[in-house]
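Below is one structure, written out as structure tokens; the observations come after it.
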Amino acid sequence: GAVVSQHPSRVICKSGTSVKIECRSLDFQATTMFWYRQFPKQSLMLMATSNEGSKATYEQGVEKDKFLINHASLTLSTLTVTSAHPEDSSFYICSAPPEGTGNTEAFFGQGTRLTVV
Amino acid sequence: AQTVTQSQPEMSVQEAETVTLSCTYDTSESDYYLFWYKQPPSRQMILVIRQEAYKQQNATENRFSVNFQKAAKSFSLKISDSQLGDAAMYFCAYRSWAGGTSYGKLTFGQGTILTVHP
């Protein structure tokens, strides 16, 4: 079946540095990918929609300059947390819609636990 | 915009017993998908069951079944013969049938933490 690989699974960074998270569709092409943020014991909140070859669409309240999204190919979307601060510590998950796979459900990456110290 | 509501922050069940998780949603669309996802401590999202809105028959996957009431906009999940491995956070999710830039976008409920007691 279709697989979405997200890397890294865990990252610890110092306050003020930037961190890049990658989301790859391994055996299908994803023109769209979604980035979610999840706090402990809370729901997944959509941050942005990543579109191959064009600018990402951000949800209301999400800072575009802090959460940079690039979708340069049909199999890779990246989320860069710039100038990270402790309040950016969270769990980030990407997903790709099932376009062209014959499935109806989305495919999720394994998630990235970001800790900013 | 669609909304999904899970009114049970936490539920518990004895092993081998049955538990039902509630979910209601609001939409003006007539065609859509509904899903239940399980998120264990690993935090990997695992699809439990899906329901297409145009289907009247309730979906079933082994010990998991849903009660889909389209008019009432209700989509509950029943877990029969509960097992210790069912302990997780469960999310109800809505997906529009439509394509375009929103294709594949999921709207999640708040989640329900399920504890299974031995």
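The values are calculated or read from the model by the stated rules, or taken from the named source; none is laboratory data. Note that the structure is predicted; figures quoted are calculated from it, not measured. For neighbour counting, all protein chains shown are included, and Cβ atoms are generated from backbone atoms with ideal geometry for every residue, glycine included.
Of note:
- Subset of region B:70-105 that is at pLDDT below 95 and at positive phi - its residue that is surrounded by the fewest Cβ atoms within 10 Å (Cβ to Cβ): B:Gly100
- Condition check for A:Thr101: in a loop (DSSP other than H, G, I, E, B), hydroxyl-bearing (Ser, Thr, Tyr) and either in contact (Cβ under 8 Å) with a residue 40 or more places away in the chain or closer than 26 Å to B:Gln51 by Cα (or both): yes
- Residue, farthest from A:Pro8 (Cα to Cα), within region A:55-89, restricted to residues that are of a type in the set (Gly, Ala, Ser), touching a strand residue (DSSP E or B) at 6+ places or on another chain (Cβ under 6 Å) and part of a loop (DSSP other than H, G, I, E, B): A:Ala56
- If the condition is being out of contact with any Phe, Trp or Tyr (no Cβ under 9 Å at 6 or more places or on another chain) and either over 21 Å from B:Pro118 (Cβ atoms) or within 11 Å of chain A (Cβ to nearest Cβ) (or both), then region B:27-40 contributes only B:Ser28.
- Applying the criterion of at least 3 residues that are under 17 Å from A:Glu105 (Cβ atoms) to the strands (runs of 3 or more DSSP E) found wholly in region B:1-115 leaves B:32-39, B:46-52, B:64-69, B:88-96, B:106-108.
- Every residue from region A:83-117 that is farther than 19 Å from A:Phe39 by Cα and more than 8 Å from chain B (Cβ to nearest Cβ): A:Ser83, A:Gly100, A:Thr101, A:Gly102, A:Asn103, A:Phe107
- Exactly one residue out of B:Glu61, B:Glu15 is touching a helix residue (DSSP H, G or I) at 6+ places or on another chain (Cβ under 8 Å) and either away from chain A (no Cβ under 11 Å) or more than 30 Å from A:Glu52 (Cβ to Cβ) (or both), and it is B:Glu15.
- Across region B:45-69, the qualifying residues are those that are of a type in the set (Phe, Trp, Tyr) and closer than 18 Å to B:Asp31 by Cβ, and the one among them that is surrounded by the fewest Cβ atoms within 10 Å (Cβ to Cβ) is B:Tyr54.
- Considering each residue of region A:63-81 in turn, none proves to be within 12 Å of chain B (Cβ to nearest Cβ) and either of a type in the set (D, E, K, R) or touching a Lys or Arg at 6+ places or on another chain (Cβ under 9 Å) (or both).
- Cross-chain or 6+ apart pairs with Cβ under 7 Å, region A:29-56 first and farther than 20 Å from A:Gly102 by Cα, then in a loop (DSSP other than H, G, I, E, B) and of a type in the set (Asp, Glu): A:Leu46/A:Glu59; A:Met47/A:Glu59; A:Ala48/A:Glu59
- Flag if A:Ala56 is surrounded by fewer than 18 Cβ atoms within 10 Å (Cβ to Cβ) and among the hydrophobic types (A, V, I, L, M, F, W, C): no
- Any hit, region A:2-9, residues being within 11 Å of another protein chain (Cβ to nearest Cβ), in a loop (DSSP other than H, G, I, E, B) and farther than 23 Å from B:Phe108 by Cα: no
- Subset tally (residues that are surrounded by 13 or more Cβ atoms within 10 Å (Cβ to Cβ) and among the polar types (S, T, N, Q)) for region B:2-11: 4
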